[in-house]
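Visitor: Before I ask anything, here is the structure I am working with.
The values are calculated or read from the model by the stated rules, or taken from the named source; none is laboratory data. Because the structure is a prediction, the values reported are computed rather than measured. Neighbour counts are summed over all protein chains in view; Cβ atoms, including those assigned to glycine, are modelled from backbone coordinates with ideal geometry. Side chains are part of the model used for accessible areas, which takes the heavy atoms of the whole protein and leaves out ligands, DNA and RNA. Shrake-Rupley method; radii C 1.70, N 1.55, O 1.52, S 1.80 Å.
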Amino acid sequence: MQQDAVPISSILSLLTGDGGNFLGIIFLSLQVTITAVTCAGLVGLPLGAGLALVRFPGRTVIIVLVNTMMGFPPVVAGLAIFLLLSRSGPLGELGLLFTPKAMMIAQFVLVLPIIVALTRQTIEDLWTEYQDHMTSLGAGRLRSIPTLLWDARFSLVTTLLAGLGRASAEVGAILIVGGNIAGFTRTMTTSIALETSKGDLPLAMALGVVLMSLTLVINSLAFGISRVGARFSGKS
Amino acid sequence: MLRRTFVTAAASVLVAIGMLSAAEAQDRFITVASTTSTQDSGLFDALLPAFTAKTGITVKVIAQGTGQALDTARRGDADVVFVHAKSQELKFLEDGFGVKRYPVMYNDFVVVGPKSDPAGIAGGKDVVAAFKMIADKKAPFVSRGDKSGTNSAELKLWKAADIDLPAVRGEWYREIGQGMGATLNTANAMAAYTLSDRGTWIAFANKGDLGIVVEGDKKLFNQYGVMLVNPAKFSTVKADDGQAFIDWLVSPEGQSAIAAYRIDGQQLFFPNANDPKA
Amino acid sequence: MRDTTSMLPLIVRDLRLEMDGRTLLDVPLARIQNRQRNVILGPNGAGKSLFLRVCHGLIAPTSGRIEYTLPVSATEIRRKQAMVFQKPVMLRRSVRANFTHALAMAGVGWYERRRMADEAMAQFGLSGLADSPARVLSGGEQQRLAIARAASLGPDLLFLDEPTSSLDPTASRQIEDMLDVLHERGVTLVLTTHDLGLARRFADVIFFFHNGRLVEENDAERFFTQPETEEAKAFLEHRLFW
């Protein structure tokens, strides 16, 4: 074996060489993932909090379903969205298949259950602590949701990171709904899949290292912010 | 203070989404469902910029197996199909999903295998005889098993060799249901034989111990055809721009661009749009 | 002297709380008088906290009524009373934000909130801590914050569950001083304790609970000199019985 185990030269040539294309791929990856996780957060955080607090018939069933959906196989999610968005499918009119938006939808669907399930757990725990105080203030369960979400913010950052992890590592679903079109829907993970299939394993590995580094940076930043914040408002 | 951090983060995400919508407002593009061989070999990277420069039409390529690519087109999710399995293409036309089939080019398949050559077929010119040997010796063979053009070519060769695959297959015959590159990676890892299109093989970087064992048999020729998806079936098909791409591919300019594409000095694809029987 | 604008006295009638067939609370009649310092006394497990929670409306009784003198709406009842819990709930925010949050929940407008929070903090010596995270305060500071936060809502009636139980003598002293201020301001106070010293120093009226039952309701001075019931006598003489 003369190949480097960690192909530093490949990484360097990726970053310094004909970089426009590569930076575009990184930018698209971040854009798709961050948009999907943000939207999933905007929907999932209130939904998870609602599921934690509001009692309604069938609640337990929904909780079990959401927990199950956390392990939803990405390929199945991708296929379902593909069938929905295809020109022959019910949402074909929108012309979203093989676009970044389709990839965002796929990741949104994959990330949402994680955010809902983890948020529900966090908020339920916090509610046991806050219930008396909030009830005494005359705030019912629904009205307490914003308070609980805000006060759980540092735990919820971890929840969002879990979602980000699932989204950024995902390849099966976005390959199906995005089509891995060069310069348009090609992301870090689909590039890695492509380079592997071309047999360019060092390049695939280099891309993987770059992806890992990016994920590391994002996680460190979020962890740092949440640590500093948690210290500021007292240990959680 | 923290609140401000959160608000800033949220705002920047919204800006990002906005930029995305702007970036997506691209003018003219067509979607081409094609095969992994044309993409993995790098042919499209060489061809498309010239076409786009001339016409202003961007081409988005979805690289799939031939079967899957035709299926994508059948659902109306592509404007043009560019694949290599003539019988499947004719069926597609017959079903009314395509307008007209144009032959574009051919390349050829090669049988690749490990240096140890357990079936003893290296250097042969008769692919049917070689397949017989592989089956007789139960030498490991990796099949795409994904209904791709290469897969159907492989199945045709087993048939020509009088091998009844369902009857004789065992440990030695492994269907992996993946693309050409993944299949070559697997063959390399298992020291097995496989059938590959020459383009993907030459461009493939992880050859390891593998090498060409059989090539040059007429039976190994691999014809590519291109078709416009029928706009009468799907009103969303960009008929004019799609036809412009097809016309360019079969024009002298497109044909010579195909002929000019080389890797390591080797020509991968041979234009033959002027051969009506291809 | 009757205050015609107050919803007090609050009268509890035939109150029972049962769970799994066990009677947890049994209060035939209790009167919480306006502007008095009411102390609910009794050994651990006597039902003092439960009684407080039922009066405050956190737990619905199995049967019985809680009557207010003026006919007022449920919302108004809620607005005019507040409660400080034994383990104060500190929001994961700054001290000031703990005030403004409670005020916001009470429907106070944005600018008004800040002013009222600053006022309450100044009154109870918490201004220096305004920007500290509430959850890093000491136990005594947290309890002061909880009481000041409840007081900032301007309640007529304030319930306090064991306000000094886990505090050292200095911090307890500070809490008692705060309660005196609130008393002078005309707030009706109802607090639970098992601390006889606090009860003696502080109470106008004693409600003595034992085994979930209100055993004796008495004027504080009489309660400590001539208790009417055997149970109370035994409790005062530290002869605990079960």
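Visitor: Taking only region B:75-89 into account, find how many residues are under 20 Å from residue B:245 (Cα atoms) and free of Cβ contacts under 8 Å to residues at least 60 places away in the same chain.
Guide: The total comes to 1.
Visitor: Would you mind stating whether residue A:229 is away from chain C (no Cβ under 14 Å) and either open to solvent by 50 Å² or more (accessible area, probe 1.4 Å) or within 26 Å of residue C:104 (Cβ to Cβ) (or both)?
Guide: Against the criterion (away from chain C (no Cβ under 14 Å) and either open to solvent by 50 Å² or more (accessible area, probe 1.4 Å) or within 26 Å of residue C:104 (Cβ to Cβ) (or both)), residue A:229 does not qualify.
Visitor: Can you name the helices (runs of 4 or more DSSP H) wholly within region B:58-151 that have at least 3 residues being among the aliphatic types (A, V, I, L, M)?
Guide: Output list reads B:66-74, B:127-137.
Visitor: To continue, here is another question. Tell me, please, whether a residue that is of a type outside the set (A, V, I, L, M, F, W, C), within 25 Å of residue C:56 (Cα to Cα) and open to solvent by less than 10 Å² (accessible area, probe 1.4 Å) can be found in region C:194-209.
Guide: So far as region C:194-209 goes, no, none of its residues is of a type outside the set (A, V, I, L, M, F, W, C), within 25 Å of residue C:56 (Cα to Cα) and open to solvent by less than 10 Å² (accessible area, probe 1.4 Å).
Visitor: Which ones in region B:43-57 are outside any helix (DSSP H, G or I) and touching a strand residue (DSSP E or B) at 6+ places or on another chain (Cβ under 7 Å)?
Guide: B:57
Visitor: Yes or no: residue A:212 open to solvent by 20 Å² or more (accessible area, probe 1.4 Å), closer than 21 Å to residue A:111 by Cα and either of a type in the set (S, T, N, Q) or modelled with pLDDT of 90 or more (or both)?
Guide: yes
Visitor: Then there is this: Among (1) more than 7 Å from chain A (Cβ to nearest Cβ); (2) in a loop (DSSP other than H, G, I, E, B), there is one condition residue C:117 misses while meeting the rest; what is its number?
Guide: (2)
Visitor: Still on this structure, I have one more. Residue under question is residue C:126, and the condition is that it be more than 25 Å from residue C:8 (Cβ to Cβ) and not assigned by TED's automatic domain parsing to the domain that holds residue C:29; does it hold?
Guide: Criteria met by residue C:126.
Visitor: So if I check each of C:144, C:185, which one is among the basic types (Lys, Arg) and under 29 Å from residue C:69 (Cα atoms)?
Guide: C:185
Visitor: So which of A:167, A:173, A:106, A:77 is within 14 Å of chain B (Cβ to nearest Cβ), assigned to a helix (DSSP H, G or I) and crowded, with 21+ Cβ neighbours inside 10 Å?
Guide: Answer to the check: A:167.
Visitor: In addition: Mind checking whether some residue in region C:138-160 is part of a strand (DSSP E or B), in contact (Cβ under 8 Å) with a residue 40 or more places away in the chain, open to solvent by less than 10 Å² (accessible area, probe 1.4 Å) and touching a Phe, Trp or Tyr at 6+ places or on another chain (Cβ under 7 Å)?
Guide: No, that holds for no residue.
Visitor: A further question on this structure: Those residues that are without any contact (Cβ under 8 Å) to a residue 24 or more places away in the chain and not in a helix (DSSP H, G or I), I need them from region B:174-206; list them, please.
Guide: Those that are without any contact (Cβ under 8 Å) to a residue 24 or more places away in the chain and not in a helix (DSSP H, G or I): B:205, B:206.
Visitor: Within region A:17-58, count every residue that is open to solvent by 30 Å² or more (accessible area, probe 1.4 Å) and either under 29 Å from residue A:127 (Cα atoms) or part of a helix (DSSP H, G or I) (or both).
Guide: Here the count works out to 19.
Visitor: Further, regarding this structure: May I ask you to verify whether residue A:129 is open to solvent by 20 Å² or more (accessible area, probe 1.4 Å) and over 24 Å from the mean Cα position of the chain (by Cα)?
Guide: It is true that residue A:129 is open to solvent by 20 Å² or more (accessible area, probe 1.4 Å) and over 24 Å from the mean Cα position of the chain (by Cα).
One line per residue, one yes/no per condition, for (1) without any contact (Cβ under 8 Å) to a residue 60 or more places away in the chain; (2) buried (at least 17 other Cβ atoms within 10 Å of the Cβ):
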site: C:83; (1), (2): no, yes
site: C:93; (1), (2): yes, yes
site: C:99; (1), (2): yes, yes
site: C:102; (1), (2): yes, yes
site: C:111; (1), (2): yes, no
site: C:117; (1), (2): yes, yes
site: C:122; (1), (2): yes, no
site: C:128; (1), (2): yes, no
